[in-house]
Amino acid sequence: VKKALIIGAGIAGIATAIRLAVKGYRVDVFEGNSHPGGKLSEFEQEDFRFDAGPSLFTMPQYVDELFILAGKNPADFFNYQQLDVVCRYFYEDGTILSAYADEEQFAAEVNQQTGEAVSSVKEYLKNSANIYSITNHVFLERSLHRLKTYLHWDTLRSVFRFPQIDASRTMHKANQLFFKDKRLTQLYDRYATYNGSNPYTAPATLNVIPHLEQHYGAYFPEGGMYNIVSSLVKLAESLGVVFHYNSPVEEIVLEKQSAKAVKVKGELISADVIVSNMDVWFTYHKLLKQHPHLFPKKILRQERSSSALIFYWGINKQFAQLNLHNIFFSNDYQAEFDHIWQQKNIYRDPTVYLNISSKYKPDDAPKGCENWFAMINVPSNTGQDWGSLITIARQNILSKLSRILGEDISGLILSESILDPRGIENKTSSYQGSLYGTSSNSQFAAFLRHANRSSSIKNLYFCGGSVHPGGGIPLCLLSAKIVSDWIA
Ligand code: FAD
């Protein structure tokens, strides 16, 4: 029996473990933390429960697929419910838009609240679907780094349609042309942040993302986001995968440029293949630091994705006008992104994302209360004075929410914790605290991400948000598929 060893129990590491176990490998997962999930984690704060990281769940079929592969019925282990309203958008001018899952209903809502034509929304989503049909086989479901991909008929067919993926103009430029109303341009520009990028520089190819949300839907997992992790770990264990917690890998040991073993607590553990789910930058700089000549230097120098600043608040009230996902838009989106990407600090009027899981899982908060996860996009950690940035941002977020909701929010806060880019970096070994590995701000970003296999070190593979095809739960799950198919 071949032995596979996985460094990190993030969502991609767990999914890779399941896929390799199904293929007959004996799999051991070494995780530095005391629990699995990486960025996908949960915690309790007095009587409130919070999902600490990801809160938006899309493409649940990639999770189901893992149960099916193992010969099990997904519904016996993991369930989720589709959201009727994906998000509620609040603008400073008083406009409130409910993003209905149903396309017709959403287009009608947009028309009613903003006057934008129903046909603009429909045309926009048609374009988004078209980009998806060209990119999914080439950029998302396969490795860009294997000849096999390019010999595939789907790839060739897609290559002929490449001009339609709109890679030479920015997302913002493209969106402006679709809509007369600035509020709609802003709404669709925001999808750049789904992979930590800047809509004013990222290619319009990223306009594929709205299709995923509108067409395939957004969901809430029964039991909360962390249940994705818990149920997949259970599945992995039922297949014989062994998880070793509190076991940070200290080194990847090479023999003639081939990965042979890892060092954990001073002990060498060998394997036939080694898969790193640790951020690729740290995999090289921490675990392979004796071999700098083997580093893919250009790739490791790439710009990192943005990070996040999150306030977890126990709130002593329930707000009927709020939903599971809520966005409070900045009045000047360009200034906000300028601050994140050029000035590397935080704009005074940031867009606030407010997630309230107790809307769907009432026992996440005591009676009459709500658990608020208030997040803004911030630059990755390059040594800013976070202490003072956080103090100012907290004040600005609270005044924005109080202004738009017409109520003093600071008086309702029962408990608080804060996560900033330094915390994200420390807790999950994500270089600079980036949420999604590298940014997608350049036209060629999709081709520049690190491959799922090392080109200089044999037997060393990579999965997770810092490598191809990218960050976010769905893409991390796809990386697990790509890497396990490659290994097998
Ligand atoms: P990670 O979660 O990065 O985990 C890597 C694991 O490896 C960690 O457990 C770490 O402890 C372990 N590790 C590292 N080094 C070592 C070592 N040397 N030895 C052993 N173990 C090690 N995505 C969405 O789809 N929807 C969202 O709404 C969303 N929102 C987000 C909000 C926040 C605040 C954050 C932080 C992320 C968000 N994301 C979202 C992104 C998503 O969480 C990530 O893309 C995804 O979870 C990354 O998974 P991963 O497999 O790359 O591993």
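The values are calculated or read from the model by the stated rules, or taken from the named source; none is laboratory data. All values reported here derive from a predicted model rather than from experimental measurement. No Cβ is skipped: glycine too gets one built from the backbone with ideal geometry, and neighbour counts run over all protein chains shown. With ligands, DNA and RNA removed, areas are computed over all heavy atoms of the protein, side chains included. Shrake-Rupley method; radii C 1.70, N 1.55, O 1.52, S 1.80 Å.
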18 Å Cα-Cα threshold exceeded, pairs from Lys263/Lys289; Lys234/Lys263; Lys23/Lys148; Lys39/Lys400; Lys23/Lys72
Lys234/Lys263; Lys23/Lys148; Lys39/Lys400
Just to verify a number: FRET efficiency for Lys3 and Lys72, C-beta to C-beta distance, R0 = 22 Å, to 0.05?
0.35
Range of Cα positions in region 340-383 per principal axis (Å), largest first
43, 20, 13
If I require 15 Å or longer along the helix axis, counting alpha carbons, and a Kyte-Doolittle average no lower than 0.5, what helices from the chain are left? Use full DSSP H segments.
11-22, 226-238, 386-405, 473-487
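If you count only protein heavy atoms with a 1.4 Å probe, what accessible area per residue comes out for region 229-320, rounded to a whole Å²?
On the way: 4150 Å² over 92 residues.
Per-residue accessible area for region 229-320 comes out at 45 Å².
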State the extension gain, in nm to one decimal, for the chain segment bounded by Glu103 and Ala335, taking 0.36 nm per residue of separation less the distance between their alpha-carbons.
80.5 nm
Hits among lysines - C-alpha to C-alpha of Lys367 under 22 Å, sequence gap 8 or more where chains match
Lys317, Lys359
Taking the alpha-carbon centre of each part, the distance from region 168-220 to region 103-158 in Å is 11
Listed by chain and number, the aspartates and glutamates with an alpha carbon less than 14 angstrom from that of Lys458, same-chain partners under 8 positions apart left out, are Glu255, Asp272
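Please give the contour-minus-distance gain from Phe162 to Gln61: 0.36 nm per residue of separation, less the Cα-Cα distance, rounded to one decimal in nm. Write out the running numbers ahead of the final one.
On the way: separation 101, 0.36 × 101 = 36.36 nm, distance 2.69 nm.
Gain on extension, Phe162 to Gln61, equals 33.7 nm.
Test of understanding: what is the full-extension gain from Gln81 to Lys126, defined as 0.36 nm times their sequence separation minus their Cα-Cα distance?
Values: separation 45, 0.36 × 45 = 16.20 nm, distance 2.54 nm.
Stretched out fully, the Gln81 to Lys126 stretch lengthens by 13.7 nm.
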By what distance, in whole Å, do the Cα atoms of region 231-291 stretch along each of the three principal axes, largest value first?
37, 22, 19
How large is the convex hull of the Cα atoms of region 258-373 per residue, expressed in Å³ as a whole number?
199
Principal axis box of region 1-145, alpha-carbon based, largest edge first, Å
63, 47, 31
Distance in nm between label sites at Thr382 and Arg169, each 7 Å beyond Cα in the beta-carbon direction?
2.9
Report the far tail of the P(r) of the chain, meaning the percent of Cα-Cα pairs longer than 37 Å.
25
Between Ser133 and Leu448, what is the spin-label point distance in nm, taking each point 7 Å from the Cα along the Cα→C-beta axis?
3.1
Below 8 Å between Cα atoms, with a sequence gap of 6+, how large is the relative contact order for region 341-425 in percent?
30
Expressed to two decimals, region 357-446 has a Cα Rg over Rh, using the Kirkwood radius, of 1.04
Antiparallel DSSP beta bridges within the chain, percent to nearest 5
70
Using a 7 Å offset from the Cα along the Cα-to-Cβ direction at both Arg348 and Ser415, what is the distance between the two label points in nm, to one decimal?
3.5
Nonlocal amide H pairs with Gly10, under 5 Å, H built at 1.01 Å:
Gly37
Could you rank Phe373, Phe43, Phe295, Phe77 by how accessible they are, 1.4 Å probe, largest area first?
Phe77, Phe43, Phe295, Phe373
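Can you give the Rg/Rh ratio of region 84-216, where Rg is from the C-alpha atoms and Rh is the Kirkwood radius? Show your work: numbers first, answer last.
Numbers: Rg = 15.9 Å, Rh = 15.7 Å.
Checking Rg against Rh, the ratio lands at 1.01.
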